[in-house]
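Scroll down for the structure; my scribbles are underneath it.
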């Protein structure tokens, strides 16, 4: 039966003796998960104060995180997933902005928060693994049978999801119990998650990927959830085999790390059947299927608005699907006119980007957008003219299939022509020596932009080992305007806590980064040479000499 709230979904699992939560150390039935959640819900009710009922959780993927998600649902609180990769002022700003009444963390998380002005007194910290935590929990383990707090409805706030900050400062997206319960139902059906599945969760529980595409669907279906504290490329296959996992969620960079591991010839010896995620290239998806026997299902969505597109069995390679409702379309941001279909060449490149590439919008989605917490400016940016604007670019082919074309700013103006950063990224990620790649525009000293790439390579690999010019020359779908003029090389590119590249940060640094940067300055085929400090100073001088100093990266 469908349920309107996460609280009701949990209560429906009372008495369920099937495995609900698995770690390397022990397991809990679904009934035990509900009982653990109920004890913490009773504790949370006792701690509630005036104001928004927000509980900050700063933990890795461990059972306590799952129990507190359930506790919040039953108590009518909202979980604020705090990103453990944040530090200092940035961390303090995010926690303080979300008005937490209580912080659930461990000694490592408490140390991160030590000395920061987050608006929560230390006596409101529940520090997992300490005697005080154990004593506090013990006082509530004999709570009456699990119940939800009176007044909990579908509109009750369930999550504040701090956006990853790949393109700017983080915002706290609101997700209600009703929306999350609806996503649990729709995603369990869309990704074919059943009671027989074991859902492996390597992505962080503070992020929408794990919550909306794994935790909520598994709860809906009664599937088991297998937890690992953090994603590990070396631990991925051993974990999958240990738990007998059949499904998992991912981001593209994590898939790149797994594929960079040495093949053994026995990699397909596992129970995985399919996975859901974003930003894996078609080539990586093919390699993953051949190597592990597992199909990667690419989707489109965000913490703010999900379910805009639906997939069907005939979806072409690289396409996201077709609109799930009539108001979803691609428009020119300035005119709001619907973009015409893309004209694709034999390689699938858009031949008319000026006309076909626009922003993905939902003209009927304003009412479904639940907003950002305490951020009117960000809400106004998302909802304009009564429409919901995603901030993502896309195009549609003549058959009506939607394609992702990057985030705002992912189309780069080179020599008067638009070129796709996303296409260049996908090309670079085909290279077996490239673990991850991000592409963005940097200003040209005279006009327009130039293409810059940041590539992550494995320890022990040199840039020269990639033989990048020869590799790029073999990629028939890469136009000359998309070939990078600058290549930043790193063994660990900056990422968010959910393993997405911090492209905005890298774009702002440009070629001024401390990582080695190789430049192709001439004509003809690319020839890359390592930039020296003197060459960087000379390039800066070109900007100043042409009056474009304000455009310096």
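The values are calculated or read from the model by the stated rules, or taken from the named source; none is laboratory data. Quick caveat: nothing in here was measured; it's all calculated off a predicted structure. Note that each Cβ is placed from the backbone with ideal geometry, even for glycine, and that neighbours are counted across all protein chains shown.
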Consider only pairs whose beta carbons are under 8 Å apart and that are at least six residues apart or on different chains; among these, list those whose first residue lies in segment 259-276 and is more than 28 Å from residue 190 (Cβ to Cβ) and whose second residue is assigned to a strand (DSSP E or B). 260/435
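Quick grid of which residues meet (1) closer than 25 Å to residue 184 by Cβ; (2) assigned to a loop (DSSP other than H, G, I, E, B); (3) modelled with pLDDT under 95:
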position: 80; (1), (2), (3): yes, no, no
position: 99; (1), (2), (3): no, yes, no
position: 115; (1), (2), (3): no, yes, yes
position: 126; (1), (2), (3): no, no, no
position: 154; (1), (2), (3): yes, yes, no
position: 158; (1), (2), (3): yes, no, no
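Of the residues that sit in segment 189-202 and are buried (at least 17 other Cβ atoms within 10 Å of the Cβ) and modelled with pLDDT under 95, which one is farthest from residue 307 (Cα to Cα)? Spell out the reasoning first.
To start, the set of residues in segment 189-202 that are buried (at least 17 other Cβ atoms within 10 Å of the Cβ) comprises 190-191, 193, 197-202.
Next cut, modelled with pLDDT under 95 only: 190-191.
Values: 190: 10, 191: 12 Å.
For segment 189-202, the residue satisfying everything is 191.
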Going through segment 71-80 one residue at a time, which ones are closer than 15 Å to residue 128 by Cβ and either surrounded by fewer than 24 Cβ atoms within 10 Å (Cβ to Cβ) or out of contact with any strand residue (DSSP E or B) (no Cβ under 6 Å at 6 or more places or on another chain) (or both)? 71
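Looking at segment 245-267, which of its residues are within 17 Å of residue 456 (Cβ to Cβ) and surrounded by fewer than 16 Cβ atoms within 10 Å (Cβ to Cβ)?
Our first condition is that a residue be within 17 Å of residue 456 (Cβ to Cβ); within segment 245-267, this holds for 250-261.
Within segment 245-267, just 261 meets the criteria.
Conditions (1) without any contact (Cβ under 8 Å) to a residue 12 or more places away in the chain; (2) more than 25 Å from residue 378 (Cβ to Cβ); (3) assigned to a loop (DSSP other than H, G, I, E, B); (4) not assigned by TED's automatic domain parsing to the domain that holds residue 91, marked per residue:
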{"site": "185", "(1), (2), (3), (4)": "no, yes, no, yes"}
{"site": "188", "(1), (2), (3), (4)": "no, yes, no, yes"}
{"site": "205", "(1), (2), (3), (4)": "no, no, yes, yes"}
{"site": "210", "(1), (2), (3), (4)": "no, no, no, yes"}
{"site": "215", "(1), (2), (3), (4)": "no, yes, no, yes"}
{"site": "218", "(1), (2), (3), (4)": "no, yes, no, yes"}
{"site": "230", "(1), (2), (3), (4)": "no, yes, yes, yes"}
{"site": "236", "(1), (2), (3), (4)": "no, yes, no, yes"}
{"site": "245", "(1), (2), (3), (4)": "no, yes, yes, yes"}
Would segment 340-355 turn up any residue that is touching a residue at least 24 places away in the same chain (Cβ under 8 Å) and part of a helix (DSSP H, G or I)? yes
Selection status of residue 111, closer than 22 Å to residue 132 by Cα, without any contact (Cβ under 8 Å) to a residue 12 or more places away in the chain and not in a loop (DSSP other than H, G, I, E, B): yes
What's the total number of residues in segment 457-490 that are more than 23 Å from residue 351 (Cα to Cα) and without any contact (Cβ under 8 Å) to a residue 60 or more places away in the chain? 17
Regarding segment 539-547, can at least one residue be identified that is surrounded by 15 or more Cβ atoms within 10 Å (Cβ to Cβ) and in contact with a strand residue (DSSP E or B) (Cβ under 7 Å, 6 or more places away or on another chain)? no
Filter segment 355-376 for residues that are modelled with pLDDT of 90 or more and under 21 Å from residue 162 (Cα atoms); which is surrounded by the fewest Cβ atoms within 10 Å (Cβ to Cβ)? 376
Please indicate, with yes or no, whether at least one residue in segment 33-42 is in contact (Cβ under 8 Å) with a residue 40 or more places away in the chain and either over 24 Å from residue 227 (Cβ atoms) or in contact with a strand residue (DSSP E or B) (Cβ under 6 Å, 6 or more places away or on another chain) (or both). no
